[in-house]
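Below: one structure, written as structure tokens.
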Amino acid sequence: MTPELTRLTAVETAAKIAAREVTAVEVAQAHLDRIAEVNGTLNAFLHIDTDGALTQAKRVDAGEVEGPLAGVPLALKDVIVTRNVPTTAGSKILEGWIPPYDATIVERMRDAGIVVLGKTNMDEFAMGSSTEHSAYGAAHNPWDLERTPGGSGGGSSAAVAGFLAPLGIGTDTGGSIRQPAAVTGTVGTKPTYGGVSRYGLIAFSSSLDQAGPCARTVLDAALLHAVIAGHDPRDSTSIDADVPPVVDAARDGDVSGMRVGVVKEFAGEGYQDGVTVRFEEAVATLAGLGADVVEVSCPHFDYALAAYYLIAPSEASSNLARYDAMRYGLRVGDDGDASAEEVMAATRAAGFGAEVKRRIMLGTYALSAGYYDAYYGQAQKVRTLITRDFENAFTTVDVLVSPTTPTTAFKLGERVDDPLAMYLADLCTIPSNLYGGPAMSVPCGLSDDGLPVGFQVMAPVLADDRLYRVGAALERATGSDRLLEQVTNL
Amino acid sequence: MSDSELDAMAGQLDVILSAVGRVQQVAAADIPPTSHAVPLTNVFRPDTAAAGLSAEEALAAAPAAEQDRFRVPRILDDE
């Protein structure tokens, strides 16, 4: 056993494998051992694919596949389908489901030599900000086991922060990559909508969902971003354009002359002091590195949360209609006498958790005749105004910045019975989903409560490279890539 | 949903609805709606045949199957 292998970055791991200092199988085994040791505490992984991981690692060692991330282990959010490997999306309704196909990003990662260790915990169907809505129990934050690792992608963030894997995949509909990254001191990017294929991503809100990378360093995230991004004819919303030069930007990290806009609306009441202090220091750091910092107003961002909680549940209520107990997934009450309709109702009652039911109800209501114009229709108009706020801002600045979340990691149990308080965790991350532009969370130090603070960078559509430029500059200046060395309680 | 679920959720949904109802405070009468971040129309893929799932693969996850088909509960009323 070589425990120190789990402390390496993805870049360092790949370099050691390429130089034959260590084999990919040894790296995979070290991580599998680490998972066996601490997953009982973190509940980060729902399924561990030991055979698949070792088979892929052997391919790398045999030289069958090469690349900058060949042999690097990865934690895959369980909302991404994997052929012959169980996929649940954190729901009882898909318990035991073995998908018959791979998501496009899974194929791309396999071709790049990445070793998928298993599937990670998440809020059911990615609806939540804490993993407490997982049907398989909450994941725990490696910084403080009584706190949430964020959500919905808390399994991946906990795995990356807890040194169970150097890389992770998340999906971000309203902040589910960036908020978990912020509260675990890791890096997470939501790429431009359409930049990464959604083929094989179990749909929550199709106009907002986007998969992206999680990592401990900005360059590691960029390398993974480059592997999974690019046009896919199997996703009709995939953008047919060159992948932005994210890796070059992460290596360069020069922000001199860059125009940085601080979002005025994301400050003040409701923001924890320790978050505000670290955020303002990071802004000053960027200014010190030669960035041109100005304050920018995006007046409609104040309505983003409300618009999101109409649009996303509306789309979800339609997307989740497919769980009808007929062709795959759970079937309850099929006694030979009950009708298909009765079986569907019994199955959905038993298979969906409370948050999923809440959102289906909310979405169905917002779309119903008589309420459509006042709720869903109006939310779509607000979405237009938020997009215009971004477009106006990007005529004068290159990127927008804000805290990723108003607070550091909250305690498990603290918000689970108060849906609105839970929704507030995504206050700052939602606008980029509604607009479609890319956004990243990069650590900017610890709050006075000793917990990590996330710094959010938002960029125009298809300017994902700017995130990595700013993220890398901040990381170098603050040493945030070494923040996780302080996680020693596992 | 069970009665106890309904009791708990009715109050929560009231609170959520009044919160998301904030969108109505925005004057947007002449604003066009956005349904999608990336405006795309008529996306086609090349019309070439490719292998799909075999019946066996498609039925592997079925709750019940019979004679290469999905077996479902009755869909018609008794009368």
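The percentage of C-alpha pairs in segment A:438-489 whose separation is greater than 17 Å is 39%.
Rounded to the nearest 20, the Cβ-based charge dipole of the protein assembly as shown about its Cα centre (Lys and Arg +1, Asp and Glu -1) stands at 780 debye.
Ordering A:Ile169, A:Ile80 from the fewest to the most neighbouring beta carbons within 10 Å gives A:Ile80, A:Ile169.
Could you work out the local net charge near B:Val43, counting Lys and Arg as +1, Asp and Glu as -1, over the other residues with Cβ closer than 14 Å to its Cβ? Residues close to B:Val43 contribute a combined charge of -1.
Residues A:Trp143, A:Trp97, arranged from fewest to most other Cβ atoms within 10 angstrom of their Cβ, appear as A:Trp97, A:Trp143.
For a straight C-alpha distance cut-off of 28 angstrom, the lysines reachable from A:Lys58 (same-chain residues fewer than eight places away being disregarded) are A:Lys16, A:Lys77, A:Lys119.
Give me the net charge for the shell around B:Arg71: Cβ to Cβ below 13 angstrom, other residues only, Lys and Arg +1, Asp and Glu -1. Charge balance near B:Arg71 sits at +1.
Where in segment B:21-58 does the label zone of A:Arg388 land, with the point 7 angstrom along Cα→C-beta and an amide N cut-off under 13 Å? Only B:26-34 fall inside the zone, counting backbone N under 13 Å.
Of all lysines in the structure, those lying under 19 Å Cα to Cα from A:Lys357, and not within fewer than 8 positions of it along the same chain, are A:Lys92. Cα centroid separation, segment A:416-490 to segment A:96-136: 21 Å.
Once the Cβ-Cβ distance of B:Ser54 and A:Thr364 is raised to the sixth power relative to R0 = 45 Å, the FRET efficiency obtained is 0.80. Averaging the Cα positions of each part gives two centres, and for segment A:23-62 and segment A:276-327 these lie 33 Å apart. Using equal-weight Cα scatterers in the Debye expression, the normalised intensity of segment A:278-327 in log10 at q = 0.19, 0.20, 0.22 Å⁻¹ is -0.77, -0.80, -0.85. Normalised by 2.2 N^0.38 Å, where N is the number of residues, the alpha-carbon radius of gyration of segment A:55-128 equals 1.18.
Taken over the protein assembly as shown, the percentage of Cα pairs per 10 Å bin, counting from 0 up to the bin with the maximum distance, is 4, 19, 30, 27, 15, 5, 1, 0.
Which net charge results when you count Lys and Arg as +1 and Asp and Glu as -1 among the other residues whose beta-carbon is under 15 Å from that of B:Thr34? That works out to -1. Helix content alone sets the calculated 222 nm mean residue ellipticity of chain A: runs of n ≥ 4 DSSP H residues at -39500 (n - 2.57) each, divided across all residues, give -11500 deg cm²/dmol.
Put the Cα centre of segment B:34-68 next to the Cα centre of segment A:225-261 and the gap is 28 Å. Calculated mean residue ellipticity at 222 nm for chain B: -9000 deg cm²/dmol, from DSSP H runs with n ≥ 4 weighted as -39500 (n - 2.57), summed, divided by the residue count and rounded to 500. Under 11 Å from a label point set 7 Å out along the Cα-to-Cβ vector of B:Arg71, the amide N atoms of segment A:328-351 belong to A:336.
Kirkwood radius for chain B, taken over all pairs of different Cα atoms as the inverse mean of 1/r, rounds to 19.8 Å.
Rg over Rh for segment A:1-86 works out to 0.96, both radii taken from alpha-carbon positions and Rh defined as the Kirkwood radius. Between A:Asp252 and A:Ala284, the contour length at 0.36 nm per residue exceeds the Cα-Cα span by 9.5 nm. Kirkwood-type hydrodynamic radius, segment A:141-257: 14.5 Å, calculated from all non-identical alpha-carbon pairs.
Given R0 = 35 Å, the distance between the Cβ atoms of B:Val38 and A:Ala350 translates into a calculated FRET efficiency of 0.40.
We did not get these values from a lab; they are worked out from the coordinates using the rules stated. Just so you know, these numbers come straight off a predicted model, no measurement behind them. Virtual Cβ from ideal backbone geometry, glycine too; neighbours counted across all protein chains shown.
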